[in-house]
Amino acid sequence: MAAIKAHGSLISTATNRVLVILYEKELEFEFVSVDMSTGEHKKDHFLSLNPFGQVPAFEDGDLKLFESRAITKYVAYEYASKGTQLIHQDSKKMAITLVWMEVEAQQYDPVASKLVWELGIKPMLGMVTDKAIVEENEAKLAKVLDVYENRLAHSKYLGGDCFTLADLHHLPTLQYLLGTQSQKLFDSRPHVSAWVADITARPAWLKVQALRKKH
């Protein structure tokens with residue numbers, strides 16, 4: 001039995017954020033699929049893991065966590081000696097990585113997630129995309145990506161010279177948007193485009209994609 005369990009849904013960007021770090025760290029884990037279509041995430045068993053009734057939830061032995069970015073930070077620190085180094089020991093380098101982790105959570109994700117819902121999830125569920133919401137949020141995302149373009153002109157990755165949590169946190173929303181009209185926002189910025197190509201080709205991320213296809 002794996003000590004680590006990741007509970008979630010493979011259509012969930014937050015669940016995929018947790019899965020990719022487990023693969024980056026080359027950890028043994030059990031993926032526990034949560035059927036959100038039947039409301040499993042609102043039942044008592046799941047609420048004991050995440051009281052907000054949202055995926056993912058995470059267990060490592062007797063430790064129970066929720067909130068995908070908190071989980072990735074825990075895994076990066078707890079298993080620092082395994083797999084890919086996703087954090088820095090140097091406090092100044094780590095501070096820069098933390099800035100870009102905050103940028104992802106506060107600037108990029110709120111806008112990108114609205115586009116994922118409209119362009120990625122709604123079509124899957126047979127719902128109609130709201131073009132006005134798409135237009136509004138593409139304009140907002142373009143401004144964020146202008147900042148990224150400038151940053152990535154001077155740094156191979158957002159947090160510095162190597163791949164860190166700051167980059168990893170973007171992967172699930174990025175993947176959804178790459179197959180949609182919003183892809184043009186990434187493609188039209190050469191440094192952003194090169195960064196996207198780099199991080200989406202990582203073996204750990206390809207394993208998440210393979211798991212999604214299998215399910």
Complete set of residues in segment 156-166 that are of a type outside the set (A, V, I, L, M, F, W, C) and surrounded by 16 or more Cβ atoms within 10 Å (Cβ to Cβ): TYR157, GLY159, GLY160, THR164
Test: residue in segment 103-110 that is at pLDDT below 95 and open to solvent by 80 Å² or more (accessible area, probe 1.4 Å): no
Among residues of segment 176-213, those that are modelled with pLDDT of 95 or more, touching a helix residue (DSSP H, G or I) at 6+ places or on another chain (Cβ under 8 Å), aliphatic (A, V, I, L, M) and over 15 Å from GLY120 (Cα atoms), counted: 7
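Going by the structure shown, is LYS64 surrounded by fewer than 19 Cβ atoms within 10 Å (Cβ to Cβ), of a type outside the set (Val, Ile, Thr), outside any loop (DSSP other than H, G, I, E, B) and in contact with a Leu (Cβ under 9 Å, 6 or more places away or on another chain)? Steps first, answer last, please.
Values: surrounded by fewer than 19 Cβ atoms within 10 Å (Cβ to Cβ): yes; of a type outside the set (Val, Ile, Thr): yes; outside any loop (DSSP other than H, G, I, E, B): yes; in contact with a Leu (Cβ under 9 Å, 6 or more places away or on another chain): yes.
Considered against the rule, which asks whether it is surrounded by fewer than 19 Cβ atoms within 10 Å (Cβ to Cβ), of a type outside the set (Val, Ile, Thr), outside any loop (DSSP other than H, G, I, E, B) and in contact with a Leu (Cβ under 9 Å, 6 or more places away or on another chain), LYS64 comes out as yes.
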Matching option when the condition is under 23 Å from VAL20 (Cβ atoms), open to solvent by 10 Å² or more (accessible area, probe 1.4 Å) and hydrophobic (A, V, I, L, M, F, W, C), among ALA201, ALA132: ALA201
Residue under evaluation LEU86, criteria (1) assigned to a strand (DSSP E or B); (2) open to solvent by less than 20 Å² (accessible area, probe 1.4 Å), criterion not met: (1)
Search result, residues across segment 1-56 that are open to solvent by less than 10 Å² (accessible area, probe 1.4 Å), part of a loop (DSSP other than H, G, I, E, B) and closer than 19 Å to ARG202 by Cβ: LYS25
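Go through THR84, THR97, THR72 for me and flag whichever is modelled with pLDDT of 95 or more and in contact with a Ser or Thr (Cβ under 7 Å, 6 or more places away or on another chain). Even if it seems obvious, please write down each step before you answer.
On the way: THR84 fails: in contact with a Ser or Thr (Cβ under 7 Å, 6 or more places away or on another chain); THR72 fails: in contact with a Ser or Thr (Cβ under 7 Å, 6 or more places away or on another chain).
Residue meeting the stated conditions: THR97.
This table checks each residue for (1) β-branched (Val, Ile, Thr); (2) within 28 Å of GLN89 (Cα to Cα); (3) assigned to a helix (DSSP H, G or I).
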residue	(1), (2), (3)
LEU119	no, no, yes
GLU138	no, no, yes
ALA142	no, no, yes
PHE163	no, yes, no
ALA166	no, yes, yes
PRO172	no, yes, yes
Cβ-Cβ under 9 Å pairs, at least 6 apart or on other chains, segment 1-16 side more than 20 Å from GLY39 (Cβ to Cβ), far side of a type in the set (D, E, K, R) and part of a loop (DSSP other than H, G, I, E, B): ALA2/GLU28; ALA3/GLU28; ILE4/GLU28
Failed criterion for LEU177 (all others in (1) out of contact with any Asp or Glu (no Cβ under 6 Å at 6 or more places or on another chain); (2) closer than 19 Å to ILE11 by Cβ; (3) open to solvent by 30 Å² or more (accessible area, probe 1.4 Å) hold): (3)
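The values are calculated or read from the model by the stated rules, or taken from the named source; none is laboratory data. Model, not experiment: these values are computed from the prediction. Neighbour counts are summed over all protein chains in view; Cβ atoms, including those assigned to glycine, are modelled from backbone coordinates with ideal geometry. Surface areas here come from the heavy atoms of the whole protein model, side chains and all, with no ligands, DNA or RNA. Shrake-Rupley method; radii C 1.70, N 1.55, O 1.52, S 1.80 Å.
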